[in-house]
């Protein structure tokens, strides 16, 4: 069975942290750098499902529809398995605005481009209930690992 490399997991954590910071800085820039009213609110000020961040209360996007990736045909025939780390941004309308493969590994490296394309294509079709910062819709970045496993 394919085991993720330590560098793969480390990169995923780094990307997740970067995405959260980028989402917060995007929201901060949208207010022209003015601190939000709830910046210093207590953690109790956040409702269920929200996470306390420096700029206030962040509600993560909630998945409404996830499309499964199509296993690349030739890779399936040859018994190749893979994992693809995809970074994406959920827009204020709940659609995926951007998605790209940021890391990947496979039992046969020749098939990495096909696995990356399949993973990104699937993620671009996902739909979410938009995230929110202090109750206002806000774009949110996230990362997800798409695993291609033969059963």
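Each value in this text was obtained by applying a stated rule to the coordinates, not by laboratory testing. Source: prediction; values computed, not measured. Cβ atoms come from the backbone with ideal geometry, glycine included; neighbour counts cover every protein chain shown.
Ordered by packing density, taken as the mean number of other Cβ atoms within 10 Å over each peptide's residues, highest first, how do 130-139, 104-113 rank? Walk me through the numbers on the way to the answer.
Numbers: 130-139: 19.2, 104-113: 16.2.
Those peptides, ordered most packed to least, come out 130-139, 104-113.
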Check: So how far, in whole Å, is the C-alpha centre of the range 53-96 from the one of the range 101-115?
Finding: 16 Å
Next item on the list: Please label the shape of the range 103-151 as rounded, prolate or oblate, based on the square roots a ≥ b ≥ c of the eigenvalues of the alpha-carbon gyration tensor (a/c under 1.5 means rounded; beyond that, a/b larger than b/c means prolate, else oblate).
Entry: prolate
Margin query: Counting other beta carbons within 10 Å of each residue's own, what order do 143, 95 fall into, fewest first?
Written below: 95, 143
